[in-house]
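The values are calculated or read from the model by the stated rules, or taken from the named source; none is laboratory data. As the structure is a prediction and not an experimental result, all values here were calculated from the model. Don't worry about glycine lacking a Cβ; one is built from the backbone with ideal geometry, like all the others, and counts go over all protein chains shown.
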Amino acid sequence: MADTHSDLFDLSGKCALVTGGTRGIGMMIARGLLQAGARVIVSSRTADACAEAERQLSEFGDVQAIPADLSKHDECQRLADLVTASSDRLDILVNNAGAMRREPLETFPTEAWDAVLDLNLKSPFWLVQALLPALRKAGTADDPARIINIGSIAAIHVAEAPNYSYASSKAALHQLTRVLARELGPQHITVNAVAPGVFPSQMMAATIDAIGDTIAAKAPLRRLGRDDDMAGVAVFLASRAGSYLTGAIVPVDGGTATTASGT
């Protein structure tokens, strides 16, 4: 049992990998884990984005950034090999890297299905496969290793935008979370998903510019997501405070998806 309130959320001595951790929601999560005491590795496709994120995040703790294109299976394995090169343990895996493609139904292209599903659905599975020995090594009955998948409220209710492959991939990721939670629980690994609403990010910039005020007005809490909202739920799921939670899909959206009337 944790000795004090602060111990419930202390991640000192833990190591975390946050994919897509160089911007947006991934960077919010990486910052939160660093501030809670974890050593954090972030990944992104480009070396420039990695270098800039490492510079920005270094003020919060011990951070390393590794370029990797996680839409490719061999790149997932390469990243896993690099993450475990200096230690055979990984306490926290955050599968956040993702892509979205919006096109009308009549013209929605095949490549938009392949690219989005490869990164949003296959990549988390490939990384779990590759990092499973390290997660098993880190987890104990009292303090399991953690897998946190970043889903979306677009997988809980139907968004107005035509994001066919994105919403489908995130709904599949939510179900994959449940399947893995059942299998990996006895191995001292929890698996949960966070389903964000609208947060400031490059992916959501156009949406926020166009209808951000409308989205905020429809939420029971009457605002969009903030950095601390995402950092907080990640620290909770990764810490002793969240050690008895697995197979859950946690909507972090100001109440929009869970209180919506219809779609």
Just checking, does the stretch 227-240 include any residue being touching a Ser or Thr at 6+ places or on another chain (Cβ under 6 Å), closer than 30 Å to C15 by Cα and modelled with pLDDT of 85 or more?
no
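Go through the stretch 82-120 and count every residue that is without any contact (Cβ under 8 Å) to a residue 24 or more places away in the chain, of a type outside the set (A, V, I, L, M) and under 26 Å from D143 (Cα atoms).
Count: 1.
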Report, by residue number, each residue of the stretch 3-34 that is part of a helix (DSSP H, G or I) and either of a type in the set (S, T, N, Q) or surrounded by fewer than 16 Cβ atoms within 10 Å (Cβ to Cβ) (or both).
S6, D7
Filter the stretch 159-197 for residues that are small (G, A, S) and in a helix (DSSP H, G or I); the one that is surrounded by the fewest Cβ atoms within 10 Å (Cβ to Cβ) is G185
Quick check on G197: is it at pLDDT below 95 and either touching a Leu at 6+ places or on another chain (Cβ under 6 Å) or on the phi > 0 side of the Ramachandran plot (or both)?
no
The condition from (1) in contact with a Pro (Cβ under 8 Å, 6 or more places away or on another chain); (2) in contact (Cβ under 8 Å) with a residue 24 or more places away in the chain; (3) surrounded by fewer than 23 Cβ atoms within 10 Å (Cβ to Cβ) that G37 misses is numbered (1)
Find the helices (runs of 4 or more DSSP H) located wholly in the stretch 57-154 whose residues include 3 or more that are crowded, with 23+ Cβ neighbours inside 10 Å, and list them.
73-83, 123-138
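Of the residues A138, A154, which single one is farther than 14 Å from A193 by Cβ, touching a Lys or Arg at 6+ places or on another chain (Cβ under 8 Å) and not β-branched (V, I, T)?
Being farther than 14 Å from A193 by Cβ, touching a Lys or Arg at 6+ places or on another chain (Cβ under 8 Å) and not β-branched (V, I, T) holds for just one of A138, A154, which is A138.
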